[in-house]
Each structure stands twice: as C-alpha cells, then as structure tokens.
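Everything below concerns the one structure shown next.
The values are calculated or read from the model by the stated rules, or taken from the named source; none is laboratory data. Source: prediction; values computed, not measured. Cβ placement follows ideal geometry from the backbone for every residue including glycine, while neighbour counts extend to all protein chains displayed. To get the accessible areas, we keep the full protein, side chains included, count just its heavy atoms, and leave off ligands, DNA and RNA. Shrake-Rupley method; radii C 1.70, N 1.55, O 1.52, S 1.80 Å.
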Amino acid sequence: MIRFRMLLSCTAAIGCLLGPAVAEEADPAAIVAGMFAAGGNHTGVRASGAKGVCLKGEFTPAPGAAALSKAPQFQKAAPVTARFSMGGSNPKVSDKVKPVTRGFAMRMNDPAGDMVFVVISAPVFSTRTPEQLLAALQARAPGPDGKPDAEKVKAFVAANPETTRQAAWLNARPVPASFAGVDYWGVHAYTLTNAKGETKTAKLKFVSADKAGLSDDELKAKPDSFYADELKERLGRGPARFDLVAILAEPGDLTNDSTVQWPEEQRKTETLGTLAVTAIEPDATCDARTFDPVVELPEGIAGPADDPMFAVRSPAYAVSLSRRTN
Ligand code: HEM
C-alpha cells in the first residue's frame, strides 16, 4: 500500500513537526485514481457524484441555532449553491440502483466565511480510515473483464466487516423516489462553538420534508434517469425543504469513526435551520470548483480533528477537481 505524508498535515506546521508517525496517511491521489477506476475511468467528471444536478436555494437559521454556533449562517439567512448527485464516478449510473448513496453538496454563502456541507443518504461512511478506503478500492478494482475479483472482495470484506454497514443500511431501505425525498447525513462529528465560547459535539442531518421511497413495482416502471426530470417538475411547484438537525453527542459517542452510527433516537436534537432548494442552476455554476467540506467552514463550526476520513477529503477533492477541469 502506498503511504506518504498527507498534503494537509504538511501544510500545517504542526503536522510536519509531529513527523510521519502521526502525519502519514494513504495517498489521496491513489484513492482518487481508485475511485475513477471503479466507475470506468470517465473523463471530465467527479471522482464521486459524477451524475448530478446543480441547484440554488436559501438557508434560514432556526431561532435556537445562534445559541449553539456563532457561524454567520446561524445568525441570518444565507444564499445557497447546492448539488444533488449519485455516488461514484460513473456519470451513466442508473438512478434505480439501491446500494449507492445519493449525495447533497452545498455552500451557504456569507462574506465572513462560506459554510460547506457534503452529505450522503446514509448515516455512515463505508470505511474508517483512508488506508482502508484505498485497500477497499484495490480489492474491488475491475479486472481485464471489467469485473472485480470475487475472491479478493470476499477476503477484504471478511477482514473488514465494518465496511459492509453502509451498503447493508441502503439495501434495507427503498430507493428514494426523489433526490429531495430522502434524508442526508454529515457522518462526521462536528464541534459547534457559540459566541460565549461554549462547545457541543454533534452530527448533522438534513431531514427531508417530503420523504418517499419507491416500491419494487414503481421502481421497475422508471427509466434509468428520472431524478433530474422529477426535480424540475417538483421545483416548478415550489421549494424542496430540508431541516438541518444537530444530533447532540453523549459521553462515549465516537468522533473518529464514521462507519459507526450514533443511536439517533436516544440522542437530544436541535433544529439549526431550514434549507429550501428553489431552482435548478446550469452545471457550470457547480463545476468550476469543488465543495470542500474540510476547509470551507466559518468560525463557530469545525470538523473532527481525530477522524482521518474527514481530513483526507480536502486533498482528494482537489485532485479530482484538477483532473476534471484540466
Ligand atoms: C466521509 C464522508 C464522505 C461523504 C459524505 C462524501 C460525499 C460526497 C459527495 C456528496 C460528493 C459529490 C459532490 C458534488 O456534487 O460536487 C463527493 C465528491 C467527492 N468525494 Fe466524497 N464523501 C465522503 C468521503 C470522501 C472521501 C474519504 C474521499 C476520498 C478520500 C472522497 C472523495 C471525493 C471526491 C474526490 C469527490 C469529487 C470532488 C470533485 O471533483 O469536486 N469523499 N463526496
């Protein structure tokens, strides 16, 4: 397995000083290459979320949000650029596939600092560390016949059982009837800091106001691509709304493992605001840059310092952006 010092750590003086024992991670470029290979090595598309729809909308904070975070977006309404997508790097993937996450990327603008969330339709990610993600991609790499080696996949899954949780979760639920008809999770643990300097740890969830799944018969009747048309029609009738809910941590909840779901039903929650998706935007509005969920956070909200899957997203998204725009 290729190992080298991660870009992020080495740009921060502390990461370089700490040395390789702390700062080493799997190569983000190797991970991104693996992601492209898994989807058929298409050019000019994202390494994940290759098929998607660009959008605009508005985020309106809830009255209680400012007590939890001093981020500007939790004090006053913010315009939003967003994108719904299908997981993976294949731009021709069918909207009917079940064990593939639907994605939701968004940038809430504010002159004091944009706030970006890039979230998925499952409460967990598929791997715990970048090394495990690289190994998973290598185990599933398509062979000369275009298919992964079944024995290699079997051996990887046996040695890494937690990597099956996300697919099991998706397989146990119906295919969403709409990009707007499913809940999306941030999967990582965020720290919210208010104006008094008080902090709370929370996972974030975008709760659809109009959740709907397709029965097997309904699914059979659909063409491979129906989400884009459904969304156009839906937004013609009015905005698609999501409540942004903070699931508050209790002692013992892991912040360093995004393959583990916190027991949401037993946790206190706080609604932070409502995101209204109002219209479809030209692809170019979303394609010129990436939504970086690590770097693009204002004061008042921070990602987990101890979750290696969080930090690696920034350099990986940059590699993908560079490949698809050059
Ligand atoms: C851990 C939770 C993660 C979630 C919720 C997530 C979700 C998403 C979503 C929704 C997109 C589509 C963004 C868009 O529409 O522009 C995306 C893109 C992408 N993701 Fe992730 N992802 C996660 C982790 C990772 C990790 C660990 C890597 C690699 C190390 C990765 C690599 C990428 C790349 C390269 C892109 C394409 C970015 C671009 O070209 O703009 N993601 N991700």
(Q) How many angstrom lie between the Cα centre of region 94-143 and the Cα centre of region 153-192? (A) 10
Q: Per DSSP H run of n ≥ 4, the term is -39500 (n - 2.57); total these for the chain, divide by its residue number, and report the mean residue ellipticity at 222 nm rounded to 500 deg cm²/dmol.
A: -7500 deg cm²/dmol
Q | Accessible surface of the chain, 1.4 Å probe, proportion on carbon and sulfur as whole % | A | 56
Q) Which value, in Å², gives the accessible area per residue of the chain when a 1.4 Å probe is used on the protein heavy atoms? A) 46
**Q.** Mean Cα-pair separation over length for the chain, i.e. relative contact order, pairs under 8 Å, 6 or more apart, %
**A.** 23
(Q) Defining a contact as two alpha carbons under 8 Å apart and six or more residues distant in sequence, what relative contact order in percent does region 167-280 show? (A) 28
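With the cut-off at 17 Å, report for region 207-326 the share of all Cα pairs above it, as a whole percent.
Details: 5333 of 7140 pairs.
The share of Cα pairs beyond 17 Å in region 207-326 comes to 75 percent.
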Q) What order do you get for 270-280, 255-265 when each peptide is scored by the mean count of other beta carbon atoms within 10 Å, highest first? A) 270-280, 255-265
Q. How long is the gain from residue 281 to residue 41 if the chain were fully straight, where each residue apart is worth 0.36 nm and the alpha carbon distance is subtracted?
A. 83.8 nm
Q: With 10 Å bins from zero, work out the P(r) of region 3-325 over every alpha carbon pair and list the percent per bin.
A: 6, 26, 36, 25, 7, 1
(Q) Which order do you get for 232, 70 if you rank them by accessible area with a 1.4 Å probe, largest at the top? (A) 232, 70
Q) Too long at a 23 Å Cα-Cα cut-off: which of 98/205; 51/154; 51/220? A) 51/154
